[in-house]
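Quick notes on the structure that follows.
Readers should treat all values here as calculations from the given coordinates under stated rules, not as data from a laboratory. These numbers were taken from a predicted model, which means no experiment stands behind them. Ideal geometry is used to build each Cβ from the backbone, glycine not excepted, and the neighbour counts take in all protein chains shown.
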Amino acid sequence: MTIVNFTPVSALLGGALIGLAATVMWWMLGRISGVSGIVDAALTARGPEITWRVTFIGGLLGAGAIAILVFPNAISFNMAVGFGGAAVAGLLVGVGTSLAGGCTSGHGVCGVSRLSVRSLIATAIFMAAGFLTVFLVRHLL
C-alpha cells in the first residue's frame, strides 16, 4: 500500500490551529466548541446567545471560503454519491451527533483534552464506526 497524501506538516499545523481555536473559545466564552451543538442551538437561540453562535458558524464558513480562494488547487473533492447521497450522509451524521450528545469537535477535540470519560467513549465509538465504514465501502461494496 502506497501512502499518497502524507502531509505531516499541514496536518500538524491544522491540528494545532483547531486546538488553539478551541482553547480561545473556552477562555473567551467558557464554551466548548462542539460544532453540532452550536449549529443546533443557533436554530432556536435568541438574543446574545444567537450572536456568538452565528459568528462562530460564519467564521467556519468564511475560513473555508477564504481557503478556497487563496489555495484553489489545495482543496478538491469528488462527490461520487451525488447530492442525494451527501444529503442522506449529512442527515445520518446529524442523527449520530444527537444520539452521542455531541460531535467529533465537542467530544474528540474538547472532551478528550479534558479527559472526559463520556467523550473518550464517544470518540472511540466514532473512530470504530469510521474504520468499519471505510472497510465496508472499500473492501465489501
Under the 7 Å Cα-to-Cβ spin-label approximation, L132 and L99 lie apart by a distance in nanometres of 0.9
Those chymotrypsin sites (Phe, Trp or Tyr not before Pro) from segment 1-66 that are DSSP loop and have at most 12 other Cβ neighbours within 10 Å turn out to be F6
If you average the sequence gap of Cα pairs under 8 Å that are 6 or more apart and divide by the length of segment 8-140, what percent do you get for the contact order? 26
Stretchable slack from V9 to M79, in nm (0.36 nm times residue separation minus alpha-carbon distance): 22.6 nm
According to the square roots a ≥ b ≥ c of the eigenvalues of the Cα gyration tensor, what is the shape class of segment 8-140, taking rounded for a/c under 1.5, prolate for a/b larger than b/c otherwise, and oblate for the remainder? rounded
Using alpha-carbon coordinates, inclination of helix 117-135 to the longest axis of the chain, degrees: 30
